[in-house]
Each structure stands twice: as structure tokens, then as C-alpha cells.
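*Asks:* The structure under discussion is supplied below as C-alpha cells; questions concerning it will follow.
The values are calculated or read from the model by the stated rules, or taken from the named source; none is laboratory data. Computed from a prediction, not measured in an experiment: that's the story for all the values here. We place every Cβ from the backbone using ideal geometry, glycine too, and count neighbours over all the protein chains shown. Remember, those area values only see protein heavy atoms, side chains included, never the ligands or the DNA or RNA. Shrake-Rupley method; radii C 1.70, N 1.55, O 1.52, S 1.80 Å.
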Amino acid sequence: MPRQVYSGMVPGFLAGTYTLDEISLEVAPLVARTEGELIEGSAEALDPKRQVVRLADGREVGYDLVSFAVGSNTAGIDRPEIAEGAVPVKPLDRVIDLQTRLESLVRDRPEKERGAAVVGGGAAGYEVALAIRTALGAEAQVHLIERGPRLLVEYPERFRKKALAVLAERGMEAQTGATVDRVEADRVILANGREIPSDLTIWLGGAIGWPLFRDSGLPLDERGFLLLDDSLRSLGDLKIFAAGDCGTLVNFPRTPKAGVYAVRQAPVLWQSLRATLSGEEPPLYLPQTGFLSILNLGDGRALMHWKGLVLEGAPIFKLKDWIDRRFLARHR
């Protein structure tokens, strides 16, 4: 049965803190509750002229209005030299396979011989690297690799210093300014020729749009995301809506690709769809100017940033755990 995995608890799942049931929701009961129809399949292409979404198996689903909340793809994962050896996390249901791979590595290798790498030094890559460290053990070698000059560039310097101190404390090596040339089954090879041993390489590069929108003829931004107006409608077709990471607001293009924005867009999206069906003027969405960010450190602690305040410790993880569990409980 298909599940919706909650991204905020994925690092805890990989670290062994949560079970799959605790971090996900079964989709069918949610759809049944609203008297909708669940169609299982992967959306492959959008044809606005014919008003259909084509699925990977060739089926077509017609629409009067359509809304997308498909999140983002990961840049670089489609390159053959990367895809051959790297493990993607998106779509998020792939974390189930990733956990199985971690369990196999723990079962088959002594702790000192376990090696893994995470490519991507943003918040997701940082959290996953620490979760992998916990899962594989204190003597395992876990590398965090970032192409840019710094990790966690989206955060202020004070937060970054604390985050880097945690990596050093956990004995993890971070490589910045490191471009990955290719990924093989047992190593990551950088553009400078360095080889990093890794039996499990997780790819968490930058966010880009899914191929779903590529040939739609709709206006997209430079990363392939749908361009949206303030009512979450496509600039090229008022029958097409989007929420979350898969869309970029043309009037607020710097809005972070973060779930806290998607959550607040949801009521506006619902009201916009209803208004459009009834011929009324849809509401406008105004992004919040900031948000609470809490990163799971994988060891029962968390690191928080809120309006310049930076805090770290076990009580912060308890706060994050309470927020996450409360959010999922609202939909169960």
C-alpha cells in the first residue's frame, strides 16, 4: 500500500529512532476519507492542451483542474556515472530501501570496515550524514561531500560553527569544494582524482524540477520548477496549480524549498481550487519571512535556529520530536 513519508523524520528513521509506521501515512485511507479516487502510478508528462497527465505505464488521467505537490528531484542523479553507484533519497519512499542497505552493511561488515558517503552539504545532507553515522557505528567512516566552498550556506555563521563542531565531535570528515566525477559501488571519485572509500553513497545534491514538466510548454524557472502566481497557479495555464517545492513563486522567487512553506500553502491551494471552480477570485499566498529550523544530530540531540537564536542539545530534539509527531497525528 502506498505511503506518504514525512521528510522531517527521515533522518531519525535512518538513525533507528523511528519505525516506518511512525514517519509515514498510508495514502489510501486519506483519499477514502475525502471520497476521492486513488490512482497508483508515476506521473511522467503533463499535456496542458489535451488536459491530461500521462503515467509511466501509458495511462492518461484527464482533468478540469490539476494540482501538483510532487516535491523536487535531485540534481546530477541522472548522470550515468553517478546513477551507477549512488543511492537517491527522492522520492522519499526510497528511504525504505536505503534503510535495508544500511542494515545489510551493519550485518555484513565489522564496524571499522564500514564506509559511507553523503553528497550534498545542505540541511538534508548534513542530517542524513549524521544519521548514517549513528546507524553504522562510531568507528565507521562517514564522509560528507559538498561541491561549494561551505556547508549549510543557507544558515548564519554562528549556526554553521556549531554544526561543524558536531561533525568534528563525531569524527566525521567533511569535504568542501569537492566535485564528484563519478560514483562506483565501493568508492566516490572526485574531479581532483581523490578516491573516497564508500560502500554506500547517498546523493543529496541541489533541488531541481522533475522531468514531468519539461515538455509541457509551461513557463519554468532555470531549475525546471513551475512558475506560479500568488494564487499558486501556473503562469501559463490557470487550470494548473502547484504547492511546495515543485513550484517557484514569480513574485517571491527566493522562497526556500522547505516543507514549512508547503504546509502553509496547502489551505491557500484548497481555497484557490474552490474559487476557480465557482468562478470567484482566488486568495493570495504571502510567504512567511522566516521559519523555525531544527536539525536532527542523530544521537538524541538537535540543533535549532530561530530568529538569530541558536540552541543545541537533547531538549531541542525532544521539541522537534513533539512537533513532528503532532504534525503527523493531525492526519492519522
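*Asks:* Please go through the range 237-263 and pick out each residue that is of a type outside the set (Asp, Glu), more than 22 Å from residue 75 (Cα to Cα) and open to solvent by less than 50 Å² (accessible area, probe 1.4 Å).
*Replies:* Result: 240, 241.
*Asks:* Within the range 102-134, work out how many residues are among the charged types (D, E, K, R) and surrounded by 14 or more Cβ atoms within 10 Å (Cβ to Cβ).
*Replies:* Number of matching residues: 4.
*Asks:* Hey, which of the helices (runs of 4 or more DSSP H) in the range 1-71, taking only ones fully inside, have at least 2 residues that are closer than 30 Å to residue 278 by Cα?
*Replies:* Values: elements: 10-15, 20-23, 27-33.
Helices (runs of 4 or more DSSP H) meeting the threshold: 27-33.
*Asks:* Separate question: Mind checking which residues of the range 131-165 are more than 25 Å from residue 254 (Cβ to Cβ), in a helix (DSSP H, G or I) and touching a helix residue (DSSP H, G or I) at 6+ places or on another chain (Cβ under 7 Å)?
*Replies:* Once the filter is applied, which keeps residues that are more than 25 Å from residue 254 (Cβ to Cβ), in a helix (DSSP H, G or I) and touching a helix residue (DSSP H, G or I) at 6+ places or on another chain (Cβ under 7 Å), the range 131-165 yields 131, 132, 134, 135, 136.
*Asks:* Checking residue 270 against (1) outside any loop (DSSP other than H, G, I, E, B); (2) crowded, with 19+ Cβ neighbours inside 10 Å, which test does it fail?
*Replies:* (2)
*Asks:* Taking only the range 220-235 into account, find how many residues are part of a loop (DSSP other than H, G, I, E, B) and either among the aromatic types (Phe, Trp, Tyr) or open to solvent by less than 50 Å² (accessible area, probe 1.4 Å) (or both). Let's see the steps before the verdict.
*Replies:* Within the range 220-235, the subset part of a loop (DSSP other than H, G, I, E, B) is 221-225, 229-232, 235.
Okay, now just the ones that are also either among the aromatic types (Phe, Trp, Tyr) or open to solvent by less than 50 Å² (accessible area, probe 1.4 Å) (or both), so 221, 224-225, 229-232.
The total comes to 7.
*Asks:* Determine whether residue 202 is hydrophobic (A, V, I, L, M, F, W, C), under 21 Å from the mean Cα position of the chain (by Cα), buried (at least 16 other Cβ atoms within 10 Å of the Cβ) and part of a strand (DSSP E or B).
*Replies:* The answer is yes for residue 202.
*Asks:* Quick one: residue 290 ticks every box in (1) out of contact with any helix residue (DSSP H, G or I) (no Cβ under 7 Å at 6 or more places or on another chain); (2) among the small types (Gly, Ala, Ser); (3) at positive phi bar one, so which box is it?
*Replies:* Against the list (1) out of contact with any helix residue (DSSP H, G or I) (no Cβ under 7 Å at 6 or more places or on another chain); (2) among the small types (Gly, Ala, Ser); (3) at positive phi, residue 290 comes up short only on (3).
*Asks:* Can you say whether residue 270 is among the aromatic types (Phe, Trp, Tyr) and over 30 Å from residue 133 (Cβ atoms), as far as the supplied structure shows? Outline the logic, then answer.
*Replies:* Numbers: among the aromatic types (Phe, Trp, Tyr): yes; over 30 Å from residue 133 (Cβ atoms): yes.
Here the answer is yes, as residue 270 does meet what is asked.
*Asks:* Additional query: Hey, can you tell me all the residues within the range 1-42 that are within 15 Å of residue 93 (Cα to Cα), among the hydrophobic types (A, V, I, L, M, F, W, C) and buried (at least 20 other Cβ atoms within 10 Å of the Cβ)?
*Replies:* Matches in the range 1-42: 9, 10, 13, 14, 23.
*Asks:* Please state which of the following conditions residue 51 fails to meet, knowing it meets all the rest: (1) over 29 Å from residue 328 (Cα atoms); (2) touching a Ser or Thr at 6+ places or on another chain (Cβ under 6 Å); (3) surrounded by 13 or more Cβ atoms within 10 Å (Cβ to Cβ).
*Replies:* Status for residue 51: all satisfied but (2).
*Asks:* Kindly evaluate residue 217 against the criterion of being touching a residue at least 60 places away in the same chain (Cβ under 8 Å), surrounded by fewer than 22 Cβ atoms within 10 Å (Cβ to Cβ) and over 19 Å from residue 92 (Cβ atoms). Show your work before the answer.
*Replies:* Working: touching a residue at least 60 places away in the same chain (Cβ under 8 Å): yes; surrounded by fewer than 22 Cβ atoms within 10 Å (Cβ to Cβ): yes; over 19 Å from residue 92 (Cβ atoms): yes.
Considered against the rule, which asks whether it is touching a residue at least 60 places away in the same chain (Cβ under 8 Å), surrounded by fewer than 22 Cβ atoms within 10 Å (Cβ to Cβ) and over 19 Å from residue 92 (Cβ atoms), residue 217 comes out as yes.
*Asks:* For the range 86-99, which residues satisfy the criterion of being part of a helix (DSSP H, G or I), out of contact with any strand residue (DSSP E or B) (no Cβ under 7 Å at 6 or more places or on another chain) and either closer than 15 Å to residue 198 by Cβ or open to solvent by less than 70 Å² (accessible area, probe 1.4 Å) (or both)?
*Replies:* Matches in the range 86-99: 96, 99.
*Asks:* Identify all residues within the range 72-85 that are more than 22 Å from residue 226 (Cα to Cα), in a loop (DSSP other than H, G, I, E, B) and open to solvent by 80 Å² or more (accessible area, probe 1.4 Å); write none if there are none.
*Replies:* 79, 84
For (1) at pLDDT 95 or above; (2) in contact with a helix residue (DSSP H, G or I) (Cβ under 6 Å, 6 or more places away or on another chain), each residue gets a yes or a no:
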site: 240; (1), (2): yes, no
site: 264; (1), (2): no, no
site: 273; (1), (2): yes, no
site: 276; (1), (2): yes, no
site: 294; (1), (2): yes, yes
site: 298; (1), (2): yes, yes
site: 308; (1), (2): no, no
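*Asks:* Out of 148, 205, 177, report the one residue that is on the phi > 0 side of the Ramachandran plot and not β-branched (Val, Ile, Thr).
*Replies:* Only one candidate passes the filter, namely 177.
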